[in-house]
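Take a look at the structure set out below.
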Amino acid sequence: MLKELCLLNGISGREKAVREYIISKIPSDCKYSVDALGNVIVEKLGKSRASKKVMLSAHIDEVGFMVSYITDDGYIKIAPVGGIDERVVFGRRVKVADIYGVIGAKALHHLSSDELYKVPKCEDMYVDIGAQSRKQAEEYVSLGDEVCFVSEYLEFGDGFIKAKALDDRVGCQILLNILSREQPYDLTVCFVVQEEIGTRGSAVAAYNVAPDYAIVLEVQRQLICPIPPIRKRFASSETVLL
Amino acid sequence: MGDRVSCGALDDRAGMASLICALEYLREKGCKKKITVSFSTREEVGGSGAKTAAFNAEAKELIAVDVSFADTPDSNSEECGELSKGPMIGVSASLDYDMSQRFIGTAKKCGIPYQLEIMGGRTGTNADGMTIARGGFISGLISIPLRYMHTGVEVVSVSDVENTGRLIAEYIAGGSENA
């Protein structure tokens, strides 16, 4: 399931494919709703009622780009959606809506000494979909179309995974696992949108759910200090099976 | 000259004017839908006025109206709209994509000139705070192209102001037909 989740395209604000996949995996004993922003809020009944309302959350959107301009020569200019490391953009394959493209800029041989050691900015790069004119490009793409990285899902080494959108489809996978198992207490599980552009979906989900406790499942840079075990944060009589 | 005017505070008094146009147009059309109009305060210092208004409003959809960048000789034309080419329909990761498409459909159906404004993240307008007020709203943004923003010599085209009002009115009057 993690591979399927990662290979789905869903930049912030365009999470429909990921949302529909997640909805298809919600067990039949759970009730769900979709709010105005597209957050999926799932109510799971546990064996007992909880004295406090607990909300678990992971975001379903990923970073990417939008088509911001089409040049006279048919190149696609892109606007980043979320925090993109520009070092990983040049030379990548992408999908613009339904069509493949490559991100290019001036060739190495033509770079000045000033340019040689600088990372190109997004606004200086463009997506080449093979079109020879704006008119031809517009037959395939439109302003505002989503642009997603093309990245295979690769298992390597001793249990490592390389893929796009592990941030935060890993969290989504864990939440789906939780929903599929019997839980001792009632839970609210939220798959939220627009995290990558300012944690917008979670603000709305939190208002709609109004939990007493909220746990966010996210990916993070490797920490240098150990995290206390989850069970120590709850009273021994109230535990969540993850 | 022509229908171009210059004044301070066209950001966002031009937006206010376009909303009044929209209301007059809707009255002529005999539209009976419930509409709440907020002429909000404090946008230039964080948007707290609009957030408060949105929190208190009973609405399914929100339309924010602001101004955006019209090109000048020294601007990057890829990032700007143009004066007198119609309202700029916002398409952004933080706006409802389907609503943006409905605005485009409305403009095409009603023969209203329009441009698109593509924003990868937030919009920098009241739409940002309003969209996530209370339990969230389906939101759109329509902007009037403007030169020399935040100066005392801002410039707009009156036809853009009128067309913005007309686009909003036609969108509201048309309802789900514009999807």
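A few points about this structure:
- Among the candidates B:S159, B:S143, residue that is more than 14 Å from chain A (Cβ to nearest Cβ) and either touching a helix residue (DSSP H, G or I) at 6+ places or on another chain (Cβ under 7 Å) or under 20 Å from B:V37 (Cα atoms) (or both): B:S143
- Which numbered condition B:R27 fails, given (1) on the phi < 0 side of the Ramachandran plot; (2) touching a strand residue (DSSP E or B) at 6+ places or on another chain (Cβ under 6 Å): (2)
- Helices (runs of 4 or more DSSP H) wholly inside the range A:103-180 that include at least 1 residues being of a type in the set (D, E) and open to solvent by 60 Å² or more (accessible area, probe 1.4 Å): A:113-116
- Any hit, the range A:89-99, residues being away from chain B (no Cβ under 14 Å), farther than 30 Å from A:Y140 by Cα and among the hydrophobic types (A, V, I, L, M, F, W, C): no
- For the range B:4-30, a residue qualifies if it is within 17 Å of B:T41 (Cβ to Cβ) and free of Cβ contacts under 8 Å to residues at least 60 places away in the same chain, and the qualifying residues are B:D12, B:R13, B:M16.
- Of the residues examined, A:D85 is one that is open to solvent by 10 Å² or more (accessible area, probe 1.4 Å), free of Cβ contacts under 8 Å to residues at least 12 places away in the same chain, under 22 Å from the mean Cα position of the chain (by Cα) and away from chain B (no Cβ under 14 Å).
- Scan of the range B:124-150 for residues that are assigned to a loop (DSSP other than H, G, I, E, B) and touching a residue at least 40 places away in the same chain (Cβ under 8 Å), ordered by number: B:T125, B:A133, B:R134, B:F137, B:Y148, B:M149, B:H150
- Taking the conditions (1) open to solvent by 10 Å² or more (accessible area, probe 1.4 Å); (2) over 17 Å from B:M88 (Cα atoms); (3) within 12 Å of another protein chain (Cβ to nearest Cβ) in turn, B:L116 satisfies each one other than (2).
- Just one of (1) closer than 18 Å to A:G13 by Cβ; (2) within 14 Å of chain A (Cβ to nearest Cβ); (3) surrounded by 18 or more Cβ atoms within 10 Å (Cβ to Cβ) fails for B:D98. It is (3).
- Within the range B:142-156, one or more residues are open to solvent by 30 Å² or more (accessible area, probe 1.4 Å), of a type outside the set (D, E, K, R) and in contact with a Gly (Cβ under 7 Å, 6 or more places away or on another chain).
Residue by residue, here is whether (1) within 11 Å of chain B (Cβ to nearest Cβ); (2) aromatic (F, W, Y); (3) buried (at least 21 other Cβ atoms within 10 Å of the Cβ) holds:
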position	(1), (2), (3)
A:K25	no, no, no
A:C30	no, no, no
A:N39	yes, no, yes
A:E43	no, no, no
A:S51	no, no, no
A:L56	no, no, yes
A:I60	no, no, yes
A:V67	yes, no, yes
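The values are calculated or read from the model by the stated rules, or taken from the named source; none is laboratory data. Note that this is a predicted model, so its numbers are computed, not measured. Heads up, the Cβs are rebuilt from the backbone with ideal geometry, glycines too, and the neighbour counts pull from every protein chain shown. The protein model used for the area step is the full one, side chains on, heavy atoms only, and it has no ligands, DNA or RNA in it. Shrake-Rupley method; radii C 1.70, N 1.55, O 1.52, S 1.80 Å.
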